[in-house]
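A.B. asks: Just passing along the structure, written as structure tokens.
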Protein chains: 2
Amino acid sequence: MPTAEQIAGPRDAASGRARGSYAKSDATRGAILDAALEVFAQGGYRAGSLREVASRVGLSEPAILHHFRSKSRLLAAVLERRDDHASQFIDEVPEDGIDAMHGLVALARYNASEPGVVELYCTLSAEATAPSHPAHDYFVRRYQMLRHAMFVSFSNLEARGLLRPGVTPDLAARSTLAMMDGLQVQWLLDRSTLDMAEDLRAHLRRLTTIEI
Amino acid sequence: MPTAEQIAGPRDAASGRARGSYAKSDATRGAILDAALEVFAQGGYRAGSLREVASRVGLSEPAILHHFRSKSRLLAAVLERRDDHASQFIDEVPEDGIDAMHGLVALARYNASEPGVVELYCTLSAEATAPSHPAHDYFVRRYQMLRHAMFVSFSNLEARGLLRPGVTPDLAARSTLAMMDGLQVQWLLDRSTLDMAEDLRAHLRRLTTIEI
DNA sequence: GTCTATAAATTGATAGAC
DNA sequence: GTCTATCAATTTATAGAC
């Protein structure tokens, strides 16, 4: 899985922390990242301000920039942290195709319980379609990775004869990724009338013959 | 179809133009709207500046604000103009379900030929999931309208026995809208490896039994 | 590690001349 | 209808005291 470090340059290789910081300040860094996720989640990266982040965490703007050298590096750290946390859903799926399908539905259900994360990725991925966006390369790599992981899963199902006629692993991967993204946009605009996990499950049932 | 006027308040009811302007300045207004679409398309509404719009059209910022009283009203005018232009694809679909399906594929193919429009709606719809966004209500209404139009089309197919077993008009409408949106995000991030119209066609073939 | 103070740039919008 | 000049607000980031 590609880390978010490439967005804003290298950091301390061993700890993943900025050089010179110790365990004591990790709590502060964590609080800043929590606040930054909220701020970037509603309105995206450009609309979110360091002032808003500082206000929520009860610090000054220079204090934020002391822990994360710039706004773009703060965004990189937020994404990196989410990657670590979400890897339990993503990294373990490719082994067995059937487990992978259940993992995708579980991911959709988990996402529905964390609106902030959905807002973050939904807003940022659209904002980052602009090549000049600091997270553009990150999202290009992320989509390549996700599409490849799904391709492997659907290939596993294809080898076991569990794909419906006319469904190829490549098409299944693209369409499933598109379905998850599109459902998120609709869900964010009207969270009452849409069950992301249930609609994703129905989609996967039309691609495969397994019981989901 | 809901107009974009509600974003920034009422305008002259008869002409759709700002009060007091005449045919002569319509060319200028059109040029401004063309430039504004480009600017808002890459990066969204908040990241786009009036200065950039003015620069592209060869006018000063106050000249822009003379024709459109504020930045949010400029955005409303851009969306209103696209609504007018895209209505040929949307407004005429509900009559016959089969024609509607072909219309959706044609719309996807048309969108692929106008990257700027895809960027505009893709970026804005994600940005506008924030309730405070000036175009939030517009996009909520837009999705309700699109979902309803598709529901009518799929209901027509259902009545003629053209939906596959287990597919309801409601689910088909939600999933098709999600598919179109999700494909656009992937396409914007990597335009070479994805054919939006072809993937949408495959999706519709798994929902219905008609030849598309 | 956190602060105040401030720089330097950009923003949307207004006033008023022509 | 378009301009110059300007305002007031906001932004990221830095300098330096504590």
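The values are calculated or read from the model by the stated rules, or taken from the named source; none is laboratory data. On a predicted model such as this, the values are computed, not experimentally measured, just so you know. When we count neighbours, we look across all protein chains shown, and the Cβ atoms used for this are built from the backbone with ideal geometry, even at glycine.
A.B. asks: Every residue in segment A:139-184 that is small (Gly, Ala, Ser), surrounded by fewer than 19 Cβ atoms within 10 Å (Cβ to Cβ) and more than 19 Å from B:Leu183 (Cβ to Cβ), please.
C.D. replies: A:Ser155, A:Ala159, A:Gly161
A.B. asks: In the set B:Arg19, B:Arg56, which member is surrounded by fewer than 18 Cβ atoms within 10 Å (Cβ to Cβ), basic (Lys, Arg) and at pLDDT below 95?
C.D. replies: B:Arg19
A.B. asks: Another question, if that's okay. If A:Ile212 passes every condition in (1) touching a residue at least 60 places away in the same chain (Cβ under 8 Å); (2) surrounded by fewer than 17 Cβ atoms within 10 Å (Cβ to Cβ); (3) within 7 Å of chain B (Cβ to nearest Cβ) but one, which one does it miss?
C.D. replies: Result: A:Ile212 fails condition (3) only.
A.B. asks: Within the set of pairs 6 or more residues apart or between chains, which connect a residue that is within 14 Å of chain B (Cβ to nearest Cβ) inside segment A:43-67 to a residue that is within 8 Å of DNA strand D (Cβ to nearest atom) with Cβ atoms less than 9 Å apart?
C.D. replies: A:Tyr45/A:Lys71; A:Tyr45/A:Ser72; A:Gly48/A:Lys71; A:Ser49/A:Glu61; A:Ser49/A:Lys71
A.B. asks: Helices (runs of 4 or more DSSP H) wholly in segment B:31-79 with at least 3 residues that are within 12 Å of DNA strand D (Cβ to nearest atom) - which ones?
C.D. replies: Hits in segment B:31-79: B:50-57, B:61-67.
A.B. asks: On to the next question. Looking only at segment B:37-53, filter to residues that are near DNA strand C (Cβ under 9 Å from one of its atoms) and not β-branched (Val, Ile, Thr); which one of those is farthest from B:Val118 (Cα to Cα)?
C.D. replies: Looking at the filtered set, the residue picked out is B:Arg51.
A.B. asks: Name every residue in segment B:136-175 that is more than 9 Å from chain A (Cβ to nearest Cβ) and of a type in the set (Ser, Thr, Tyr), in order of residue number.
C.D. replies: Those that are more than 9 Å from chain A (Cβ to nearest Cβ) and of a type in the set (Ser, Thr, Tyr): B:Tyr138, B:Ser153, B:Ser155, B:Thr168.
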